[in-house]
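The next block holds one structure in the form of structure tokens; read it before the comments.
The values are calculated or read from the model by the stated rules, or taken from the named source; none is laboratory data. Since this is a predicted model, take the numbers as computed values, not measurements. We place every Cβ from the backbone using ideal geometry, glycine too, and count neighbours over all the protein chains shown. When the accessible area is computed, the model is the full protein with side chains, heavy atoms only, and any ligands, DNA or RNA have been set aside. Shrake-Rupley method; radii C 1.70, N 1.55, O 1.52, S 1.80 Å.
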Amino acid sequence: MTHLPVSLPYLRPHPACSFAFLHTSPWKLDPNKKAVVEKAVDGLKEKKNKVAPSEREEQSVVQPKPSLAARAKEVALHYFNGFRLLVLDVRVAIRLLLKTMQGQTLTRRERKLFRRTVADMFRIVPFSVFIIIPFMEFLLPVYVYFFPNALPSTFQSSSSKADRKKKELKVKLQMAKFLQGTVEEMAVTGRRNKKEAVQEFAKFFEKIRDSGQQASTSDLIRFSKLFEDELTLDNLSTPTLKALCRLLLLQPIGSSNFLRFQLRMKLRQLMTDDKMIQKEGVESLTVAELQAASQARGMRALGMPADRLRSQLSQWLELHLRHQVPSSLLLLSRALYLPDDVPNMLQATLSTLPQPIVEEAGVRVADSSGETVDNKTRLEVIRQQETLIKEEAAEKQKEREELEAAAAPTESMEDSAPVVHTTVATPTPPEEVLDSISAAELRDLNEAVASLKGERQLEEEIQELKEEREEYREDVAELAEESQEAQEALMESKASVRLGKRVEDLISQVDSTLWQLEKDIVSGEGQDLSSAQPNSEQVIPCEELEQALTRLKETSGEAKVRSLVSVLDPDHDGNINIREIAEVVESLAQEDTDIQPQHIALIKHLIEREAEENSPTSQS
């Protein structure tokens, strides 16, 4: 169990990083997160298995059309709210883009809001893809020339032509990754303007909240899937987050961002453990292991018979893995304390969820079903996220003021102390004991690791982006197949198609530019960076990482640098495997919170276990 100091260093704006964290890889933050197209495919499969063709024909009852005046009023409100939504999207997107161009790092919530607003803009005005993207590509050289400090310092060297090419290449690659993430988050569309799934979702919550009627178990499980861990945790209040931390035996101390970070990591651990237990079988666990597993999931463990322990753990696995009920919702409901009353506990939890969570879940229902949702609801969701961003900024400002107030008496005592002049030899600074690692220092570590990977870092990012595009195309093909079989007119939206073509063009341009850079290096026309390249095993001495960190602005002091590097070298052999730590540091750098040194080892172990579980040999 890890502990967090009560006082945390405030998060400082990072002047040398902007586009580097504009894109967030969903797998690194949540490997179980699905794109909108994947959710649409899952929904079609579930509907096909649940409803027979004859029943589907009976359900397709023609609803009476509203009057002409009612339809005219609805259309007028739709376009009025759509215009308001577009204005809000443009305002928010410009504000976040300007913040990025000034060299400031967007928070986790701001990155998500930026992607949402850009996706809304392309969804409302699909033709804007042909205007915005070429304009951004045209401004890239201008951006690199006038805002050189907005790029990571590892891309600022003395070489002029090759350095400028690398800067443009890096920005273009980050833009392509951001746009691909936007494509994956954009809604699928249908040929018919319908609201069946949205209305069904609204009626379900009206039923369990207002009327108090008992919903069916199948409906409870089906709608529980919509409240993913990310959606639930990002919108819970701080007291609720602290209660969940106490339930899971985590320290309920620190900022709301840190509490969410702890819970996300814990839920990822539970998912990996659940898959392993399911593979080995609940019956193979000893009583001590059953107690530990139950306690880790917030269930009663001590003083309970082995049969009861196995029963409640089996029920957790059934709901979490088979029915895909999010673990955050299971923990909130405490449903497994009463195995015979799970539906009532789930219904009670769903009925008491905050309204912003329900509204955002409704928007996701519309996105994955190809249906339209009231633009007023989208407006409220964006405004709620803006409010949460302001609250997080105020929380950070308060932490900063508390730290400054706590440091003021210490500084005054040091100033009043008598000065004794002595002549001594300057010793080597001892290694500093780290209590915590700030978010700015994590970004420095990530930047330093990226600089040591050199050109290979760009190659890996391009390859990763190509794989994302290939997986997305496979999902779209599966969507078309399932849509035809389920007699549903779902397809990829026009904006997604147009934006996807632009992403492929950017990938082709980046590939061509990188190939030319490598050719220049080989021919001696560009700067030879072979000395900065890691060896074939990507194992480097700790001194190289220390030198890279020393060149950065946020991390200062030899003792501090050595302490940061020593955390990445647990066996203290003086060498670091860049490939192993790169993904760990990048994941932590995107969390936008201060952490403890122990978390690095925990995340490293978690990523290794997730990779092992997702490997073909493990799945077979």
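Filter region 537-562 down to residues that are open to solvent by less than 10 Å² (accessible area, probe 1.4 Å) and within 24 Å of residue 608 (Cβ to Cβ) and give me whichever is modelled with the lowest pLDDT. Among residues in region 537-562 that are open to solvent by less than 10 Å² (accessible area, probe 1.4 Å) and within 24 Å of residue 608 (Cβ to Cβ), the one modelled with the lowest pLDDT is 538. Assess whether residue 231 counts as being within 23 Å of residue 117 (Cβ to Cβ), open to solvent by less than 30 Å² (accessible area, probe 1.4 Å), among the aliphatic types (A, V, I, L, M) and part of a helix (DSSP H, G or I). Yes. Restricting to region 176-224, name every residue that is surrounded by fewer than 18 Cβ atoms within 10 Å (Cβ to Cβ) and part of a loop (DSSP other than H, G, I, E, B). Answer for region 176-224, where residues must be surrounded by fewer than 18 Cβ atoms within 10 Å (Cβ to Cβ) and part of a loop (DSSP other than H, G, I, E, B): 191, 192, 193, 194, 195, 212, 213, 214, 216. Just checking, does region 164-177 include any residue being basic (Lys, Arg) and modelled with pLDDT of 85 or more? Checked region 164-177: at least one residue is basic (Lys, Arg) and modelled with pLDDT of 85 or more. Within the set 330, 346, the sole residue that is within 23 Å of the chain's Cα centre (by Cα), under 19 Å from residue 244 (Cβ atoms) and open to solvent by less than 10 Å² (accessible area, probe 1.4 Å) turns out to be 330. For region 462-498, what are the residues that are closer than 16 Å to residue 368 by Cβ, out of contact with any Ser or Thr (no Cβ under 6 Å at 6 or more places or on another chain) and in a loop (DSSP other than H, G, I, E, B)? Matches in region 462-498: 486, 488, 489, 492.
Taking region 87-98 as the range and being open to solvent by less than 50 Å² (accessible area, probe 1.4 Å) and more than 16 Å from residue 175 (Cβ to Cβ) as the test, the residues that pass are 88, 89, 92. Somewhere in region 454-466, is a residue modelled with pLDDT of 80 or more, open to solvent by 30 Å² or more (accessible area, probe 1.4 Å) and under 22 Å from residue 129 (Cα atoms)? Among the residues of region 454-466, at least one is modelled with pLDDT of 80 or more, open to solvent by 30 Å² or more (accessible area, probe 1.4 Å) and under 22 Å from residue 129 (Cα atoms), which makes the answer yes.
With respect to the conditions (1) at pLDDT 85 or above; (2) surrounded by fewer than 20 Cβ atoms within 10 Å (Cβ to Cβ), residue 362 lacks only one, and its number is (2). Checking each residue in region 277-314 for being over 24 Å from the mean Cα position of the chain (by Cα) and under 23 Å from residue 614 (Cα atoms) picks out 277, 278, 279, 280, 281, 282, 284, 285, 293, 313, 314.
Results for (1) of a type in the set (Lys, Arg); (2) modelled with pLDDT under 75, shown as yes or no for each residue.
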| site | (1), (2) |
| --- | --- |
| 378 | yes, no |
| 384 | no, no |
| 401 | no, no |
| 423 | no, yes |
| 428 | no, yes |
| 443 | yes, no |
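Considering each residue of region 242-264 in turn, at least one proves to be among the hydrophobic types (A, V, I, L, M, F, W, C), modelled with pLDDT of 85 or more, open to solvent by less than 20 Å² (accessible area, probe 1.4 Å) and in contact with a Pro (Cβ under 8 Å, 6 or more places away or on another chain). Scanning region 65-123 for residues that are in a helix (DSSP H, G or I) and farther than 27 Å from residue 36 by Cβ returns 68, 69, 70, 71, 72, 73, 76, 98, 101.
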